[in-house]
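Colleague: Can you keep this structure in mind? I'll have questions shortly.
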Amino acid sequence: MSEPAKQPVERKSLDDRNRMTELERLRHSSAHIMAAAVLRLWPEAMLDIGPPTEEGFYYDFDLPNHRFTPEDFPAIEAEMKKITKENHVFEKSLKTREEALAWFQSHNQKFKVERLGDIPEGEAISFFQSGEFTDLCAGPHVMRTGNVKAFKLLRVASAYYRGNEKNPQLQRLYGTAFPNKIELEAWLVAQEEAKKRDHRKIGREMELFTFDEDVGPGLPLWMPNGTVLIEELEKLAKETEFAAGYVRVRTPHLARESMYKLSGHLPYYADSMFPPMEMAETAEGVDLTQKKERYYLKAMNCPHHHKIFSAVPRSYRDLPLRLAEYGTCYRYEQSGELMGLMRVRSMQMNDAHIYCTPEQFADEFRAVNDMYLKYFKIFGLGKYLMRFSTHDPARLGQKFVNEPELWKQTEDMVRRVLQESGIEYIEVPNEAAFYGPKIDVQVWSVAGREFTIATNQVDFAVPRRFGLVYTTRENKDATPLCIHRAPLGTHERFIGFLIEHYAGNFPLWMAPEQVRVLPITDQQNDYARQIVAEYRAHGVRATLDGSSDKIGGKIRRAEVDKVNTMFIVGQKEQEAGAVAVRRHGKGDQGVKPNAEVLNALLEEIQQRA
RNA sequence: GCCAACUUAGCUCAGUGGUAGAGCAAUGGUUUUGUAAACCAUCGGUCGUCGGUUCAAAUCCGACAGUUGGCUCCA
């Protein structure tokens with residue numbers, strides 16, 4: 001998998017800012033109003049910057065003698081309200097560098113002085129003033145503070161100055177704003193709804209997974225219902241990959257230090273790996289104080305797979321070789337980065353490595369891409385973005401391996417595949433892995449968080465480090481290209497995402513409990529048991545509700561449990577050899593002969609519809 | 001890792017220094033019921049852990065652990 005790619009912190013050009021949407025403009029103005037309100041309440045506050053974001057806006061403050069808490073929000077909001085009532089004009093003005101500097105120094109705004117230094121020589125230095133509040137700002141803004149009619153402060157957090165963890169942290173106030181109160185209200189309601197879909201909440205309610213302090217942070221325990229999801233996903237992946245000519249391998253969860261030195265992950269990636277197990281075998285047994293042997297838990301599967309490639313001589317006739325494994329990896333993520341299933345320390349990856357010749361590359365890459373699209377269709381995944389990360393020619397030999405020809409060749413091929421398939425993508429220079437370009441697939445959880453859920457990377461460097469070769473038609477040695485791909489990402493993140501995507505209402509083929517049979521009275525218990533046995537014999541996950549509740553209670557519990565399909569059976573159904581079908585969230589589907597229902601469900605499961 | 005908040009029964013939450021509470025769930029019984037909650041009873045907690053202050057701590061203080069919101073980093 002990829003090395004961490006640094007997001008370049010770039011100042012947006014004036015042109016970019018002018019492209020601000022109307023909503024962003026409103027929110028940016030709201031940030032100014034919030035800063036002005038904070039200055040009225042805490043005149044000693046030092047300001048950094050206040051841009052619009054996807055959900056609203058924020059402004060960063062340094063205020064050593066006061067910690068913002070949500071209790072401050074009403075006072076700040078009231079002051080903001082006052083400022084909107086005062087209806088100041090947002091007035092733009094230009095200052096010379098000296099004037100700007102003098103202004104901020106006299107107002108004791110040291111961050112603004114530093115930000116001033118970022119503006120290239122010769123570029124206009126523009127200010128926006130609304131009432132008594134003046135800010136270094138390229139704009140644009142709404143006309144007047146009174147145009148901001150609906151806003152709300154959301155939370156307070158801290159953020160490193162300029163996003164660099166070496167810098168001190170500022171207090172960041174987050175808020176949001178909308179053109180009117182109705183839209184704001186609707187957004188707040190939608191946020192509440194999104195909370196109900198949180199995978200951590202549904203995971204607990206549906207008993208999909210759990211965490212335990214004694215097991216360790218970021219180490220999920222998959223409960224029986226969650227394990228069903230995992231196994232269904234694996235079944236899908238194995239079928240799909242088998243049809244696409246993959247072969248499966250299995251590798252250990254750890255390896256000696258020497259392999260990670262060979263791969264280049266050590267010492268570079270060491271921070272992200274669990275610390276090594278160190279020991280020596282002596283006549284008395286294992287001595288942990290000696291450090292002769294060092295084993296690491298694997299943080300990626302690539303090196304193990306490379307070793308399988310190199311285990312036997314390979315010919316061009318063997319290529320492409322597609323080695324697939326649901327490999328378990330361990331990454332020592334920083335404690336603060338952990339988040340439910342979306343960010344964990346042990347993960348199972350839908351991994352595969354495709355070794356191919358340069359001539360085969362485009363077809364292989366296209367096939368991988370098609371596999372992504374096939375999966376997205378199965379899961380009804382509409383909103384995603386392909387991020388195509390390329391290298392920066394200026395940094396060849398430093399951040400990127402010095403193979404200008406291979407970079408150009410593979411990037412051109414990837415670009416062509418993307419264009420031909422008509423997929424929406426953005427190209428991000430300077431974010432490739434050191435060994436080649438990559439495509440990450442970003443999706444958005446219902447809560448609006450953005451996640452990279454799948455990845456597809458080209459590697460023309462590491463196979464060489466491992467000395468991987470195949471014999472060409474001309475009977476010469478050549479290094480294969482390698483495609484790392486993980487269309488279903490990791491079980492942890494993918495299932496975390498699916499839980500929120502479906503709000504726990506999984507399609508029949510995945511549903512942990514596909515069918516629950518609800519007898520109306522005890523008289524039907526035997527008939528119900530018979531049905532359960534019949535469906536289980538066909539591989540359908542069916543259970544019986546043998547409780548003493550009335551039918552309304554049984555239905556309610558099955559709905560709450562998000563059981564996909566309910567069979568209600570009373571005397572009528574028993575006599576007719578039928579079941580009354582009810583689907584989760586869809587209500588009564590009518591009484592049908594049992595055999596017909598069984599066939600229809602089996603068909604639906606088969607189709608993964 | 002950093003900043004902040006939080007941690008009471010399986011779950012959701014009350015309880016601000018004086019004998020631990022509710023609803024749901026669970027268990028037992030009664031009920032035999034036709035498409036989102038039948039009735040009664042019972043069980044269930046060293047109040048995250050360890051230490052401190054106090055006659056007395058769920059409550060005040062400290063350390064640690066975990067979780068959450070952000071930052072940094074990523075599948």
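The values are calculated or read from the model by the stated rules, or taken from the named source; none is laboratory data. It should be emphasised that the depicted structure is a prediction, and the values quoted were computed from it without experimental measurement. Cβ sites come from the backbone with ideal geometry, for glycine too, and all protein chains shown count toward neighbours. For accessibility, only protein heavy atoms count, side chains too; no ligands or nucleic acids. Shrake-Rupley method; radii C 1.70, N 1.55, O 1.52, S 1.80 Å.
Colleague: Identify the residue in the range A:590-604 that is within 14 Å of A:VAL515 (Cα to Cα) and either of a type in the set (Ser, Thr, Tyr) or open to solvent by 40 Å² or more (accessible area, probe 1.4 Å) (or both) and, among all such residues, is farthest from the chain's Cα centre (by Cα). Please lay out each step first, then the result.
Modeller: Residues of the range A:590-604 that are within 14 Å of A:VAL515 (Cα to Cα), as a first pass: A:594, A:597-602, A:604.
So of that shortlist, the ones also either of a type in the set (Ser, Thr, Tyr) or open to solvent by 40 Å² or more (accessible area, probe 1.4 Å) (or both) come out as A:599-600, A:602, A:604.
Values: A:ASN599: 37, A:ALA600: 35, A:LEU602: 33, A:GLU604: 29 Å.
Only one residue tops the list, namely A:ASN599.
Colleague: Hey, among the residues in the range A:15-49 that are more than 28 Å from A:LEU184 (Cα to Cα) and open to solvent by 70 Å² or more (accessible area, probe 1.4 Å), which one's modelled with the lowest pLDDT?
Modeller: The qualifying residue modelled with the lowest pLDDT is A:ASP15.
Colleague: Now for a separate question. If A:SER130 satisfies all but one of (1) more than 16 Å from RNA strand B (Cβ to nearest atom); (2) surrounded by fewer than 20 Cβ atoms within 10 Å (Cβ to Cβ), what's the number of the condition it fails?
Modeller: (2)
Colleague: Can you tell me how many residues within the range A:498-523 are modelled with pLDDT under 95 and in contact with a strand residue (DSSP E or B) (Cβ under 8 Å, 6 or more places away or on another chain)?
Modeller: So the count comes out to 0.
This table checks each residue for (1) within 34 Å of the chain's Cα centre (by Cα); (2) over 30 Å from A:TRP187 (Cβ atoms).
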site	(1), (2)
A:LEU116	no, yes
A:PRO120	no, yes
A:SER126	no, yes
A:CYS137	yes, no
A:ASN147	no, no
A:ALA150	yes, no
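Colleague: Still on this structure, please answer the following. For the range A:142-173, name all the residues that are crowded, with 18+ Cβ neighbours inside 10 Å and either among the aromatic types (Phe, Trp, Tyr) or in a helix (DSSP H, G or I) (or both).
Modeller: Across the range A:142-173, the qualifying residues are A:THR145, A:PHE151.
Colleague: With respect to A:GLU450, is the statement that it is within 20 Å of A:ASN564 (Cβ to Cβ) and within 12 Å of RNA strand B (Cβ to nearest atom) true? Please lay out each step first, then the result.
Modeller: Working: within 20 Å of A:ASN564 (Cβ to Cβ): no; within 12 Å of RNA strand B (Cβ to nearest atom): yes.
No; evaluated as a whole, the condition is false for this residue.
Colleague: Tell me, which residue of the range A:294-340 that is within 23 Å of A:ASP363 (Cβ to Cβ) and aliphatic (A, V, I, L, M) is nearest to the chain's Cα centre (by Cα)?
Modeller: So the first thing to find is which residues in the range A:294-340 are within 23 Å of A:ASP363 (Cβ to Cβ), and the list is A:302, A:305-306, A:308-309, A:314-325.
After this cut, where a residue has to be aliphatic (A, V, I, L, M) as well, the list is A:308, A:319, A:321, A:323-324.
Values: A:ILE308: 30, A:LEU319: 32, A:LEU321: 29, A:LEU323: 25, A:ALA324: 22 Å.
The qualifying residue nearest to the chain's Cα centre (by Cα) is A:ALA324.
Colleague: Say we look at the range A:354-372 and pick out the residues that are touching a Leu at 6+ places or on another chain (Cβ under 7 Å) and open to solvent by 20 Å² or more (accessible area, probe 1.4 Å); which of these is modelled with the lowest pLDDT?
Modeller: A:PRO358
Colleague: In this structure, is A:VAL368 part of a helix (DSSP H, G or I) and closer than 25 Å to A:GLU239 by Cα?
Modeller: On the way: part of a helix (DSSP H, G or I): yes; closer than 25 Å to A:GLU239 by Cα: yes.
Yes: the conditions hold for A:VAL368.
Table: residues versus (1) within 30 Å of A:LYS81 (Cα to Cα); (2) in contact with a Phe, Trp or Tyr (Cβ under 8 Å, 6 or more places away or on another chain).
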{"site": "A:GLU185", "(1), (2)": "yes, no"}
{"site": "A:LYS195", "(1), (2)": "yes, no"}
{"site": "A:PRO217", "(1), (2)": "no, yes"}
{"site": "A:ILE230", "(1), (2)": "no, yes"}
{"site": "A:ALA237", "(1), (2)": "no, yes"}
{"site": "A:GLY245", "(1), (2)": "no, no"}
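Colleague: Name the pairs whose Cβ atoms lie under 7 Å apart, with the first residue in the range A:300-320 and among the β-branched types (Val, Ile, Thr), the second assigned to a loop (DSSP other than H, G, I, E, B), and 6 or more positions between them or separate chains?
Modeller: A:ILE308/A:VAL249
Colleague: Within the range A:373-400, restricting attention to residues that are closer than 16 Å to A:GLU424 by Cβ and out of contact with any strand residue (DSSP E or B) (no Cβ under 7 Å at 6 or more places or on another chain), which residue is surrounded by the fewest Cβ atoms within 10 Å (Cβ to Cβ)? Working first, answer last.
Modeller: So in the range A:373-400, the residues closer than 16 Å to A:GLU424 by Cβ come out as A:373, A:376-377, A:381-389.
So of that shortlist, the ones also out of contact with any strand residue (DSSP E or B) (no Cβ under 7 Å at 6 or more places or on another chain) come out as A:373, A:377, A:382.
Working: A:LEU373: 14, A:LYS377: 10, A:GLY382: 8.
Among them, the one singled out is A:GLY382.
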